1. Of the conditions (1) within 28 Å of residue 137 (Cα to Cα); (2) at pLDDT 95 or above, residue 40 clears all except one; give me its number.
2. Which of (1) surrounded by fewer than 17 Cβ atoms within 10 Å (Cβ to Cβ); (2) closer than 22 Å to residue 224 by Cα; (3) not acidic (Asp, Glu) is the odd one out, the single condition residue 105 does not satisfy?
3. Take the residues in the stretch 1-55 that are among the basic types (Lys, Arg) and within 18 Å of the chain's Cα centre (by Cα), then tell me which one is nearest to residue 84 (Cα to Cα).
4. Would you list the helices (runs of 4 or more DSSP H) that sit entirely within the stretch 1-42 and hold 1 or more residues that are among the β-branched types (Val, Ile, Thr) and without any contact (Cβ under 8 Å) to a residue 12 or more places away in the chain?
5. Kindly indicate whether any position in the stretch 110-118 is under 20 Å from the mean Cα position of the chain (by Cα) and outside the structural domain of residue 240 (by the TED database).
Amino acid sequence: MNGVIYDGFKCIDHYMFYTAFAQLISRITHPNEDVFQTLKMILSTLMVEYPHQCLWQSIAVFRCDADNQPLRFIRCRAVYDLAKRTDETGQLKNLIPQYEYVAAAFIRVAEDNCPIGTQSPFSQRYAYLSEYFRSGKMSPAIWTTERAQGKETKEPIRPSIVVPLHKMIEQAIPTNILSTLSQFPDANLEQTLSAASSNTKFSTIYIHSIDEEFTVMKSLVRPKKITIVGSDGKKYPLMCKAKDELRKDARLMDFNRLVV
């Protein structure tokens, strides 16, 4: 079965598998080692081809607690390590710590006990995040002792973090890819596959900065509504909510998008 799946991965446009990336990454703790090895090859290949999108969908797994979830911790790093080794561009070596830092920083913002209402300036209260998008300088306070080793000594690099919105992370499967799965395939299948691959490109709008004004909403967990300024000059709202389990909702939405 593993061989059939991997052979299919090599034959079908990889975007078909990318649409199920969140489902695949959630199964890296599968008890069968052969299944994991197949998953590792598929996931690492997808990370190389769709780095920003895959990092946003897997960084929470990458940041899991090594003590409470040791197998998940080890296997996710194995996937990331294989992706870095096979990435000929070398960009994943820089992107992984960037996404890890930003994820940790957003969680810190979400968990901060801030008064309800409209607040400002964001850059003063959450300097570790605003300064990072401005200069690329990481704050050692964000990292745990284990994760911080060597990271604060690196030369600051202006981050390339894609705006984490649905249209930046996912998109509908192009019809020319779907046509390649027909029981009556196109006579020019090779050209069709090539065209399909070239059309599965995502918008690369990066986070440029964060607006100074943000709102702490009146509810039990006090979520914060912040506004991201994209590299295209447009503003995108983002909700930072602490202590909430969103993975089940996200997986249900993933499934709905697959079958609709």
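The values are calculated or read from the model by the stated rules, or taken from the named source; none is laboratory data. Fair warning: this is a prediction, and the values are worked out from it, not measured in the lab. Here Cβ is always computed from backbone atoms with ideal geometry, including for glycine, and neighbour counts include all displayed protein chains.
1. (1)
2. Checking residue 105 against (1) surrounded by fewer than 17 Cβ atoms within 10 Å (Cβ to Cβ); (2) closer than 22 Å to residue 224 by Cα; (3) not acidic (Asp, Glu), the one that fails is (1).
3. Across the stretch 1-55, the extreme among qualifying residues is 40.
4. The qualifying helices (runs of 4 or more DSSP H) are 2-11.
5. For the stretch 110-118, residues under 20 Å from the mean Cα position of the chain (by Cα) and outside the structural domain of residue 240 (by the TED database): present.
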